Amino acid sequence: MQHFADLTLNGLASGAVYAALALSLVLIYQATRVLNFAQPAFALVSAYLAYAVTAATGSYWAGFAAALAAGGLLGAGTERLLIRPLRNASPLSPIIATLGLLMVLQGAVGMVWGNEPLSFAYPLDYRGRFSPADAFALASVLLVALALFALYRFTPAGLRMRAAAIRPEAARLSGVRVGAVLAGAWALASAIGALAGMLAAPPFLTPNAFDAVFVFAIAAAVAGGLENPFGAVAGGLAVGVLLSYVTGYVGPELTALAALVVLLTVLALKPDGLFSRAAARKV
Amino acid sequence: MAADPALRTEGLTVHYGAVRALDAVDLEVAPGALHAVLGANGAGKTTFLRAASGLHPPRSGRVLLFGEDVTGAPAEELVRRGLLHVPEGGGVLTELTVEENLRLGGLVRRGRAARAAALGEVYDLFAPLRERRTRSASSLSGGERQMLAIGRALMAGPRVVLLDEPSLGLAPLITRRIMHLLQDLRSRTGLTVVLVEQNARTALRAADRAHVLDQGAVAAEGPSADLLGDPRVRAAYLGL
Ligand SMILES: Nc1ncnc2c1ncn2[C@@H]1O[C@H](COP(=O)(O)OP(=O)(O)O)[C@@H](O)[C@H]1O
Ligand SMILES: [Mg+2]
């Protein structure tokens, strides 16, 4: 029983990371119908910058802030310079563009910081079962999800974002500066992706550190429904817990396979995600 | 003391690829006027509105708003200068509630108090919207949806409203109510209304003056009564 509780708590903590990355994917997909394959690279660049800033200042939190800012800038810049010019291109173009960006950024990180693992600090004490660091991961992601809900539901900025995503032209006719709003959505989403990177990085950072996390995050985003931020959070936590059980009861060598099984099962049974409502959006 | 026209276009020309959909349209609407733009399906009415409101940049020609050249300004900026375009079908966001649609329209206004006051006025004007404020806009009837579209434009505090076929698909009684409402609005507030209609009879009854478009060019123009009384225009363009 104790083992089960430990596995659940550990699963929730790592699930928080998948949830954050899945959330960033879903926010971008909702806003611009683009699956941003460069998201783990944004998180990677952000985490390496955090490493550099922390090394220079001696403050973990200065690095943390730098990571979120870098994530936001990368997101907004990518929307503006790469995605917006492709708005009228084929649906394949943004996929190829973000995949290309993923490789460029991963390569650049390797060139600047090398491929040797760098030791990366935890935000808080990481010892013990459900450590303060684990609690921080879970709490920060839940807080972000709650803040997002409030933003979308109750603020003018959230209303603009929803309108710009649903019907850009009608939004413009109500005075919404759609371009700026969508860049803002990318910035916000990518800052959340950078948070995921900060949580996923310790204890060691390498240019490929987030590859597995990204696969789990995609599984979570698809399982939760690509258009559903709450599905992303719930999906991320569920994937984390499930993989933790698989690791604990079956063996760590089967975790990746288990993620794949989850993904395929959901796609076969409920292709719009577990939490999809019956009515599809009309464009 | 001739005031600048509320809206004026000079030689407005729009192409879709190689096709010329609007051909040097000159049009002038006095402040506070209710001005109709008529024409058969495909005549270029929607294209004219889209070019005037900044949704579709014209190939050539100018758009002047109260004497100020706004050619090439994007639609979202023209909203801030008081030019509101209610597109064909209303452009209501059916994923949002009625009130969210209206609040969206009011976001260009400065200050919470001004937004709240505008919301109250729109609800006074359209009682059915107040009753359905928390409902999804997708639950509205066609007439209510058109009210919501007009209400959302009014939320921005417009000086000029462009309406694209607000009567499309509505019962005659509802259409008449909307026409009365527009007339009432402009006489109370001095709002300038440009009304695009295929239904010439309805529009000419409400409007002071009208332009008739044919294949992208102006085929006739003048006071509504004159157009209604001109047998050539009636037969060739108005289908009356
Ligand atoms: N997006 C578009 N691309 C190409 N041609 C268009 C487009 N929109 C309208 N047209 C053409 O331009 C002409 C005018 O259309 P429109 O302005 O919609 O007319 P109306 O509103 O009077 O029915 C029509 O011949 C139509 O087929
Ligand atoms: Mg039309």
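Each reported figure results from applying straightforward, stated rules to the coordinates on display, with no laboratory input. All figures in this text were calculated on a predicted structure; none of them were measured in a lab. As a convention, Cβ positions derive from the backbone with ideal geometry for all residues, glycine included, and neighbour counts pool all protein chains shown.
With springs connecting C-alpha atoms under 10 Å apart, model chain A as a Gaussian network and identify which of A:Ala135, A:Ala150, A:Ala258 has the largest mean-square fluctuation.
For chain A, modelled as a Gaussian network with Cα springs under 10 Å, the answer is A:Ala150.
Once the range B:79-189 is represented by equal point scatterers at the alpha-carbon sites, with solvent omitted, what log10 I(q)/I(0) does the Debye formula produce at q = 0.23 Å⁻¹?
-1.46
Could you give the dipole magnitude of the range B:164-240 about its Cα centre, charging the beta-carbon of Lys and Arg +1 and that of Asp and Glu -1, in debye to the nearest 20?
Values: 9 positive and 9 negative charges, 63 e Å.
Charge dipole of the range B:164-240: 300 debye, to the nearest 20.
With charges only on Cβ, +1 for K and R and -1 for D and E, what is the dipole size of chain A about its Cα centre, in debye, rounded to 20?
Working: 16 positive and 10 negative charges, 256 e Å.
The dipole magnitude comes to about 1240 debye.
If each residue of separation counts as 0.36 nm, what is the full-extension length gain between B:Ser141 and B:Thr94 once their alpha-carbon separation is subtracted?
Values: separation 47, 0.36 × 47 = 16.92 nm, distance 1.17 nm.
Taking 0.36 nm per residue and subtracting the Cα distance, the gain is 15.8 nm.
Top mean-square fluctuation among B:Thr189, B:Thr46, B:Thr175, Gaussian network model of chain B, C-alpha springs under 10 Å?
Residue with maximal mean-square fluctuation among B:Thr189, B:Thr46, B:Thr175: B:Thr189.
Can you give the Kirkwood hydrodynamic radius for the range A:1-133, in Å, rounded to one decimal and based on Cα pairs? List each step's numbers first, then the result.
Values: mean 1/r = 0.0597 Å⁻¹.
After inverting the mean inverse Cα-Cα distance, the result is 16.8 Å.
For the residues A:Leu263, A:Leu92, A:Leu27, what sequence is obtained by ranking on other C-beta atoms within 10 Å, fewest first? Intermediate results must be reported in sequence, preceding the final value.
Details: A:Leu263 19, A:Leu92 9, A:Leu27 25.
Ranking A:Leu263, A:Leu92, A:Leu27 by Cβ neighbours within 10 Å, fewest first, gives A:Leu92, A:Leu263, A:Leu27.
Can you list the equivalent-ellipsoid semi-axes of the protein assembly as shown, largest first and in whole Å, using the square root of 5 times each Cα gyration tensor eigenvalue? Could you put the intermediate results ahead of the total?
Details: eigenvalues 594, 106, 80 Å².
Semi-axes, largest first: 54, 23, 20 Å.
Using just the alpha carbons, could you tell me how many Å³ per residue the convex hull of the range A:175-262 encloses?
109
Counting pairs of Cα atoms in the range A:23-210, how many percent are more than 28 Å apart?
On the way: 5028 of 17578 pairs.
Distances greater than 28 Å cover 29 percent of the Cα pairs.
Enter the Cα centre distance for the pair the range B:79-140 and the range A:149-225, rounded to the nearest angstrom.
Each part's Cα centre sits 27 Å from the other's.
Based only on the alpha carbon positions, what is the Kirkwood hydrodynamic radius of the range B:1-149, in angstrom?
Answer for the range B:1-149: a Kirkwood hydrodynamic radius of 17.1 Å.
Sort all Cα-Cα distances of the range B:134-224 into consecutive 5 angstrom bins from zero, then give the percent of pairs in each bin up to the one containing the longest distance.
Values per bin, smallest distances first: 3, 12, 23, 24, 18, 13, 5, 2, 1, 0.
Might you report the magnitude of the Cβ-based charge dipole of the protein assembly as shown about its Cα centre, with Lys and Arg at +1 and Asp and Glu at -1, to the nearest 20 debye? Can you show the working numbers first?
Values: 45 positive and 36 negative charges, 197 e Å.
Roughly 940 debye, rounded to the nearest 20.
Which one of B:Pro128, A:Phe37, A:Ala67 is farthest out on the positive end of the charge dipole of the protein assembly as shown, using unit charges on Cβ (Lys, Arg +1; Asp, Glu -1) and the Cα centre as origin?
Positive-end residue among those listed: B:Pro128.
Could you work out which residue, out of B:Gly120, B:Gly151, B:Gly90, moves most in a Gaussian network model of chain B, that is, has the largest mean-square fluctuation with Cα springs under 10 Å?
Result for chain B, Cα springs under 10 Å: B:Gly120 fluctuates most.
Positive end of the dipole of the protein assembly as shown, charges at C-beta (+1 Lys, Arg; -1 Asp, Glu), about the Cα centre: which of B:Leu83, B:Ala117, A:Leu151 has its Cα farthest in that direction?
Result: B:Ala117.
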